[in-house]
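Have a look at the structure below, then the notes.
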Amino acid sequence: MASGLSVGLSVYELWLGDALPALVLRNEVYPASRTTGIWIVLGALLLAGAVLGPLLRRHVESAPGWRWLKLLSLAFLVPPLLSREIWHAAPLLCSALGLVAVTVAAFWAVAPTRPPGGEPGRAPSLALAGLALLVLFYTAFVGTETLRQHELLETRAYDMGIMENVLWHTSQGRLFESSLEGRNHLGVHTSFIYLLLAPLYRLFPETSTLLVGQAFVTALAAVPLFFLSRFLLGSGSTALLVASLYLLHPAVEGANFYDFHELAFAPVLFFAALYALLRDRPILLWGSAALLLSVKEDCALLVFALAVVALLERRLRVGAALMVTALIAYLVLQLIVIRHFAGGESSFAWYYSEMIPAGEGPAGLLRTLLLNPLFSVSQALTTPKALYILRTLGPVLFLCLLGCRGAALVAYGLAMSLLASRGYLFELGFQYSLLLVPPAFGGAVIELSRTASRPRLGLSGASWRKALVAMAGVSLLFAYHEGMLAPGARFKGGFRVVDFRWDDETRERFREVRDVAASIPEAASVTASETLVPHVSKRLRVQTLRYAADGFGRDYDYFFILKTDLDPGTGGRYRYVLDGGRYELVKDGRSTLLFRKKA
């Protein structure tokens, strides 16, 4: 009868059509529609009783087809969960409900199977071919689309302009100098990995080198994840599925569409190090760990997590060596290198400002955790953070939290997002998700393989295939609403919703920006609008318009301005540029203005 009621409700929801969101969200619907709904539901119940009653008396629940019949009891959830308007208005409810519904459906529908066996001698060629196509397709599509976002003026001074300016300086021999930040970039983040990218950028000093390269590095992370999954789960097709689900994750895609960041290198190195650790490949392990330490200062905490996994695997020497290396690296990078280049200051406290009392510095975070645990819990238990954790760990069914190994891998990413005071540390679309999602996938695969050999928390050894099907279903649902699978109003790259539209007007605007930027002498200093900075960032002196009024950039040689930025506030701050007293207008295009300082 439950299945009949559910089918009746789903028919009623489909009959409502565009009025469904009003019903679900506000309980608003015409009385006549309610009456019709009652008749639809009653009709479905009567039909279910007439058809299913005789079947139940024959005990067909023991037949294999019975598990498919049970799925009809979830039918009423399908229309609301596929409605983007409902998902957008109630994301926490829909995300949680979707996670539970798809997981239950997968465990009902999929037949039990034997646990995964040992690793085959060689990966099936078909799975490897699929992996290669996956990497190539992701690189081509995401590389093309992110470059198009740059041409749509959707990249920003912070961070596209900064990163390209730092790489340009580094490729010219001025290591890690940053015109926009006004100091050496090592005073912000210890991104030594740029030393490997600088020679390539010296040969091809174009924005496309960074954006397409970032797409390739992101896709490349699927390769070590594939071999890790194949080793632990013993199936090339299963490994290919896991790798595909990783690249389908909205957080991974969103980070790709938010300018360019050094953290794009972290996932491939993390997966390679984890695979090497479990396969006992010391050269690959230490090489990957060393490069991971060079990505960013807090990547040392990912190496620390690998050390914990090594200790749990009874690899005591390797674990101890990794742990000591990670701790020394973190302290040196955070307390010596960054403070030296930042003039004694650190941006660490800014990320956790609500947890750190004024003047205490990074140590204040530990003091708050120890001395004020209730306040710490209150900072962690907020709706935006709960939604973020649901979105990031939901696609892996929270499997990474089933055991100590998986929990150790995601510990830093979870702590960072739950304790942070800045929204972009716990929102999809930002690069910081790359410190949580890859460990979540690595931990999920580990715990899934352990569950297959040792049943835990109600999961039998035969449930591993059901869990994989559930992961695929939840990933597709989340990718539909939050990712680029069918991009809508919720697919975000950084602060903005990604716009895939590309028309004649945007092409003409980009051509104008490109031509005007090319007309500015390379040696000239430039102050530019926020979205124009990435198009003039390869120079010794460049500044964004919004930060130049009271600092350097106020008297630069050129002002490159989008006409849409000429609001009353901007016009008032830069009247000395616009009134022709000190600067002259040299180009007046459809979208931009270029002013030059008078001789």
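The values are calculated or read from the model by the stated rules, or taken from the named source; none is laboratory data. Just so it is clear, the structure is predicted and the values come from calculations on it, not from any experiment. Cβ: placed from backbone, ideal geometry, glycine included. Neighbour counts: every protein chain shown.
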Open item on the list: For segment 397-421, which positions are surrounded by fewer than 18 Cβ atoms within 10 Å (Cβ to Cβ), among the polar types (S, T, N, Q) and not in a loop (DSSP other than H, G, I, E, B)?
Closed with: none
TODO: Inspect segment 271-288 for any residue being within 17 Å of the chain's Cα centre (by Cα), in a helix (DSSP H, G or I) and either closer than 18 Å to Ala440 by Cβ or outside the structural domain of Gly161 (by TED's automatic domain parsing) (or both) and give the result as yes or no.
DONE: yes
Task: Conditions (1) among the hydroxyl-bearing types (Ser, Thr, Tyr); (2) modelled with pLDDT under 95; (3) more than 20 Å from Ala222 (Cβ to Cβ): number failed by Ser237 - done: (3)
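Looking at segment 239-247, can you tell me whether even one residue there is of a type outside the set (Val, Ile, Thr), more than 30 Å from Glu482 (Cα to Cα) and either in the same structural domain as Arg281 (by TED's automatic domain parsing) or touching a helix residue (DSSP H, G or I) at 6+ places or on another chain (Cβ under 6 Å) (or both)? Spell out how you get there, then give the answer.
Step one: of segment 239-247, the residues of a type outside the set (Val, Ile, Thr) are 239-241, 243-247.
Of the ones still in play, those that are also more than 30 Å from Glu482 (Cα to Cα) are none.
Checking segment 239-247: not a single residue is of a type outside the set (Val, Ile, Thr), more than 30 Å from Glu482 (Cα to Cα) and either in the same structural domain as Arg281 (by TED's automatic domain parsing) or touching a helix residue (DSSP H, G or I) at 6+ places or on another chain (Cβ under 6 Å) (or both).
Given the residues Phe510, Phe500, which is the only one that is of a type outside the set (S, T, N, Q), assigned to a loop (DSSP other than H, G, I, E, B) and farther than 25 Å from Ala599 by Cα?
On the way: Phe510 fails: assigned to a loop (DSSP other than H, G, I, E, B).
That would be Phe500, the only listed residue that is of a type outside the set (S, T, N, Q), assigned to a loop (DSSP other than H, G, I, E, B) and farther than 25 Å from Ala599 by Cα.
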- [ ] Given the conditions (1) over 22 Å from Thr506 (Cβ atoms); (2) surrounded by 20 or more Cβ atoms within 10 Å (Cβ to Cβ), report the number of the one that Ser537 does not fulfil.
- [x] (1)
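Right, Glu584: of a type outside the set (A, V, I, L, M, F, W, C), surrounded by fewer than 21 Cβ atoms within 10 Å (Cβ to Cβ) and in contact (Cβ under 8 Å) with a residue 40 or more places away in the chain or not? Before you say what the answer is, go through the steps one by one.
Values: of a type outside the set (A, V, I, L, M, F, W, C): yes; surrounded by fewer than 21 Cβ atoms within 10 Å (Cβ to Cβ): yes; in contact (Cβ under 8 Å) with a residue 40 or more places away in the chain: no.
When the stated conditions are applied, Glu584 does not pass them.
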Open item on the list: Give me the residue from segment 352-374 that is touching a Ser or Thr at 6+ places or on another chain (Cβ under 7 Å) and in a helix (DSSP H, G or I) and, out of that set, nearest to Ala411 (Cα to Cα).
Closed with: Leu369
